[in-house]
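Heads up, the thing below is written out as structure tokens.
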Amino acid sequence: METTPLGLFELSPAIIQQLKRELACPFLVWYIGVSYFIFSKEATGAILLSDPQLLKFLKLQATEVSFMPRSVVSWGFVPILLLSLLASPGSGFGAQDGDAQVKSVKPGINDQWVSTDIDPLIDILEAESREIYRERSNLAALVGPPPGAIIADVGAGSGFMAEEFATLVGDEGIVYAVDINPVMLDDVLRKANAKGITNIRKVLSPEDSVNLAPKSVDIVFLCDTYHHFEYPTPTMKSIYPALRSGGQLVLVDFNRIPGQSEPWLLEHVRAGEEVFKEEILQAGFELTNSHYPPYLTENYVLRFRKPPASH
Ligand SMILES: C[S@@+](CC[C@H](N)C(=O)[O-])C[C@H]1O[C@@H](n2cnc3c(N)ncnc32)[C@H](O)[C@@H]1O
């Protein structure tokens, strides 16, 4: 069993909130078998842990967590430290099973997106005020699938980007519209057929896998979707084998800047560019480009690739 040194960490209010949600306990958490304890006040908090998964999670939130020197651990924590040591670190943060998350990193974020009443969802996605929709053809050109390419639009939503890609890849190419909402997918196909677009295929995915065959795609496109992944680790693990060696992963997501971004965005999008980049690197991808095109002021675009010699 991998062991992690116990430590004391100062946590930001945002992380405290996230941990409270994850662990469903406002002030004290004692997980026998997980071996960590949390004491939190409203503005700050401290955590003692011996759990590798939780430590990894906190490291990913580096901007939100200060790692305090061991010397500041007060004697008051010693009994807890001993209890923590006695507890078995068998299961990890978010009750992980091996590497596969079985607990959502953002419970409830897709509640509205799995609705069968899709008209309000389409209205949100296809609002002219939404820069992703307004700039869809520029964005598709930036992603740049060549004719004949096979591209998966994961979290395809109402399908307007799938349609843009369908034109770019042409009759020799294929666009997989992947989503967890079957009603939305049927509607994507219905609209495409009505327009005479024949190279879009629908793929209904569970929440933790993109459900694509091994080495079946050249590009995976994630637009405003990565932060909707409730189980990012297994989902990314399913994307990796679906890509051909050297295949690309293009991530488009919101600029999330504490102190600058709107409160709703800080709450809705669980982390910013650096954290998401790090998570995707951890999944085995290489960063090849960061794009900040002038026509996108609310979103960034990161381009990764699956290493060419990989399987
Ligand atoms: C905010 S919408 C973005 C839709 C579209 N990409 C766009 O930018 O217009 C997020 C989409 O991701 C889908 N989604 C959420 N979790 C998913 C998952 N694990 N796999 C595939 N799609 C997912 C939702 O159903 C929804 O259609």
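The values are calculated or read from the model by the stated rules, or taken from the named source; none is laboratory data. Quantities reported herein were computed from a predicted structural model and do not represent experimental measurements. Note: ideal-geometry Cβ built from the backbone for every residue, glycine included; neighbour counts use all protein chains shown.
What the table below lists for this structure:
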{"read-out": "Selection count, segment 101-143, where residues are more than 13 Å from the ligand (Cβ to nearest atom) and touching a strand residue (DSSP E or B) at 6+ places or on another chain (Cβ under 9 Å)", "value": "1"}
{"read-out": "Filter result for the condition that a residue is within 21 Å of Arg244 (Cβ to Cβ) and in contact (Cβ under 8 Å) with a residue 40 or more places away in the chain, over Pro145, Pro214", "value": "Pro145"}
{"read-out": "Tally, over segment 174-190, of residues that are crowded, with 24+ Cβ neighbours inside 10 Å and of a type in the set (Asp, Glu)", "value": "1"}
{"read-out": "Criterion (touching a residue at least 12 places away in the same chain (Cβ under 8 Å), under 17 Å from Ser205 (Cβ atoms) and not assigned by TED's automatic domain parsing to the domain that holds Ser238) met by exactly one of Ser158, Ser104", "value": "Ser104"}
{"read-out": "Residues of segment 200-218 satisfying the condition of being more than 19 Å from Ala162 (Cα to Cα) and more than 9 Å from the ligand (Cβ to nearest atom)", "value": "Pro214, Lys215"}
{"read-out": "Residues that are over 12 Å from Ile280 (Cβ atoms) and either outside the structural domain of Glu131 (by TED's automatic domain parsing) or under 14 Å from the mean Cα position of the chain (by Cα) (or both), drawn from segment 234-254", "value": "Pro234, Ser238, Val252, Phe254"}
{"read-out": "Among residues of segment 196-208, those that are in contact (Cβ under 8 Å) with a residue 12 or more places away in the chain and farther than 18 Å from Gly157 by Cβ, counted", "value": "3"}
{"read-out": "Scope segment 127-181; condition of a type in the set (D, E, K, R) and under 26 Å from Pro232 (Cβ atoms); matching residues", "value": "Arg130, Glu131, Glu135, Arg136, Asp153, Glu164, Asp179"}
{"read-out": "Restricting segment 225-250 to residues that are within 16 Å of Asp179 (Cα to Cα) and among the hydrophobic types (A, V, I, L, M, F, W, C), the residue that is nearest to the ligand (Cβ to nearest atom)", "value": "Phe229"}
{"read-out": "Subset of segment 121-164 [over 21 Å from Asn255 (Cα atoms), surrounded by fewer than 16 Cβ atoms within 10 Å (Cβ to Cβ) and among the β-branched types (Val, Ile, Thr)]", "value": "none"}
{"read-out": "Filtered residue count, segment 221-258, keeping only those that are among the hydrophobic types (A, V, I, L, M, F, W, C) and part of a strand (DSSP E or B)", "value": "9"}
{"read-out": "Verdict on Asp179 being within 14 Å of the ligand (Cβ to nearest atom) and among the acidic types (Asp, Glu)", "value": "yes"}
